[in-house]
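Have a look at the structure below before the remarks.
Every number here is computed from the coordinates shown, using simple stated rules; none is lab data. Not measured: the values here are computed from a predicted model. Cβ coordinates were reconstructed from backbone atoms using ideal geometry, including for glycine residues, and neighbour counts include every protein chain displayed.
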2 protein chains.
Amino acid sequence: MDPLRQHIEEIAPLTDAEFDQVQSFFTLKKVRKHQYLVNEGDEVKYEYLVLSGIYRVFYVDDQGKEYIVQFAKAGWWMSDYEAFFKQGKASMFIECLVAGEVFYATLDAREQLSKELHQMEHFFRVKLTNGYVAQQQRIKLLLSSTPQQRYEAFARLYPDLLQQVPKKLIAEYLGVSRKTLSRLYAG
Amino acid sequence: MDPLRQHIEEIAPLTDAEFDQVQSFFTLKKVRKHQYLVNEGDEVKYEYLVLSGIYRVFYVDDQGKEYIVQFAKAGWWMSDYEAFFKQGKASMFIECLVAGEVFYATLDAREQLSKELHQMEHFFRVKLTNGYVAQQQRIKLLLSSTPQQRYEAFARLYPDLLQQVPKKLIAEYLGVSRKTLSRLYAG
């Protein structure tokens, strides 16, 4: 089955005609390692569904320090969502860490498909529900936990990312120093 | 207009018959100051739409330290959403800080209304989109900003909460010490 169709139908079954309609809004793109899909200051026209590869969504503060908001791997959606939903300029970057392929689509696609196909509105609602819960867990981790607890939670949830993402970037994501992270890896 | 209807119709217009159907799933409840709507360990059967009053959603770590995940005021939704969506046990508490009224409804209500009324699925998707963006902003604040930046962002977004919520609880929400917060208020 088409990977886009399979991804959607895990949540919302579609007829062939409906899927044709959905598919017409999505474009496939190959992405090279270190290629940027979004740059700070860009108009954020697209959201991305990852087919393969690994990506990071991050921002840079006034002092030039980087902070990773999320990683993304196969089956995950990513964008600078604040800018995407408000059709504003990016405050973040999206960089490809491991080469792969993504589908991309516009906000109009999301809104129009949601309006025309109740099933697609359902699909996007369920994905947002999952994303909302994941973010709430992240907020709890950032508020309360020690570096070790954060590291352990990350290693439990994403053993594959732990293998494939440079340690420097995992430290950024967890909000711990690289030295602390090295101690945790060793421990 | 009925406040529930007004709240929903800001996003999704409903016919009278549709609103009757929606309304049948919601129950109004008066809440006293310091009353708990959710306790850690409870089954989380309901989500709450705040009509009036102020509430806090918080959890307590193994050492007994409290962390506030969100405040809620008129027009906001609240629950222990991880537990609510998974129909699991609460890891958090919801306490009323300023007396008021809430509507409450079950997960079945959300799912059934979304299935039967495309407009309601749209309503919940839009609310989740807004919640998702708000959480992403919170994650960025927690990752990168100084206590002063957090305080200023909070004061800008929620001047009413700044007036009505005890300083101790605002410090908890921002993840700063009470001493630091007092310095910021004075500054």
(message) In whole Hz and in residue order, list the ³J(HN,Hα) couplings for segment B:77-87 that follow from phi through the Karplus curve 6.51 cos²θ - 1.76 cosθ + 1.60, θ = phi - 60°; x for Gly and Pro.
(response) 9, 8, 5, 7, 5, 4, 5, 4, 5, 8, 6
(message) Let me spell out the model: positive unit charges on the Cβ of Lys and Arg, negative unit charges on the Cβ of Asp and Glu, origin at the Cα centre of the protein assembly as shown. What dipole size does that give, in debye rounded to 20?
(response) 2020
(request) Inverting the mean 1/r over all pairs of different Cα atoms, compute the Kirkwood radius of the protein assembly as shown and quote it in Å. (result) 22.2
(request) Taking the dipole about the Cα centre of chain A, with the C-beta of Lys and Arg at +1 and of Asp and Glu at -1, give me whichever of A:P166, A:Q87, A:G53 is farthest to the positive side. (result) A:P166
(request) Determine the equivalent ellipsoid of segment B:3-112 by diagonalising the alpha-carbon gyration tensor, then write out the semi-axes as square roots of 5 times the eigenvalues, largest first, rounded to whole Å. (result) 26, 16, 11
(request) Within the set of other residues whose C-beta is less than 14 Å from the C-beta of B:L37, count the net charge using Lys and Arg as +1 and Asp and Glu as -1. (result) -1
(message) Show me, for segment A:26-43, the HN-Hα J-couplings you get by feeding each phi into the Karplus relation (A = 6.51, B = -1.76, C = 1.60, θ = phi - 60°), rounded to Hz, glycine and proline as x.
(response) 10, 10, 8, 9, 7, 10, 8, 3, 6, 6, 9, 8, 9, 10, 3, x, 5, 5
(request) Could you work out the local net charge near B:Q21, counting Lys and Arg as +1, Asp and Glu as -1, over the other residues with Cβ closer than 13 Å to its Cβ? (result) -2
(request) Please get the size of the charge dipole for chain B, origin at its Cα centre, with Cβ charges of +1 on Lys and Arg and -1 on Asp and Glu, quoted in debye to the nearest 20. (result) 1080
(message) I'd like the mean, over residues of B:153-161, of how many other protein chain beta carbons sit within 10 Å of each residue's own Cβ.
(response) 0
(message) Given R₀ = 22 Å, what would the calculated FRET efficiency be for B:R5 paired with B:L107, taking r from the Cβ atoms and rounding to 0.05?
(response) 0.55
(message) Give the lysines whose C-alpha is closer than 16 Å to that of B:K179, dropping any in the same chain fewer than 8 places away, or say none.
(response) B:K167, B:K168
(request) Quickly estimate the mean residue ellipticity at 222 nm for chain B, helices only: each DSSP H run with n ≥ 4 gives -39500 (n - 2.57), and the total goes over all residues, rounded to 500. (result) -14500 deg cm²/dmol
(message) Viscosity 1.002 mPa s, temperature 20 °C: what is the translational diffusion coefficient of chain A from Stokes-Einstein with a Kirkwood Rh over Cα pairs, rounded to a whole number of µm²/s?
(response) 121
(message) With unit charges on the beta carbons (Lys and Arg positive, Asp and Glu negative) and the dipole taken about the Cα centre of the protein assembly as shown, which residue among A:L181, A:T15, B:G100 sits farthest to the positive side?
(response) A:L181
(message) Which of the three applies to segment B:76-117, rounded, prolate or oblate, going by the alpha-carbon gyration tensor with a ≥ b ≥ c and a/c under 1.5 meaning rounded?
(response) oblate
(request) Within the set of other residues whose C-beta is less than 12 Å from the C-beta of A:K86, count the net charge using Lys and Arg as +1 and Asp and Glu as -1. (result) -2
(request) Return one quarter of the surface area of the convex hull spanned by the alpha-carbon atoms of segment A:1-59, equal to its mean projected area, in nm². (result) 5.3
(request) Would you please give the residues with an amide H less than 5 Å from that of B:Q70, counting only those at least 5 places away or on a separate chain, with H modeled from the backbone geometry? (result) B:V57
(message) Run the paramagnetic zone check for A:Q87: 7 angstrom along Cα to Cβ, then residues of segment A:22-54 with backbone nitrogen under 19 Å.
(response) A:25-26, A:41-48
(request) Provide a whole-number value for the mean count of partner chain Cβ atoms within 10 Å of the Cβ atoms in peptide A:114-124. (result) 4
(request) Count, for each residue of A:144-150, the Cβ atoms from other chains sitting within 10 Å of its Cβ, then give me the mean as a whole number. (result) 2
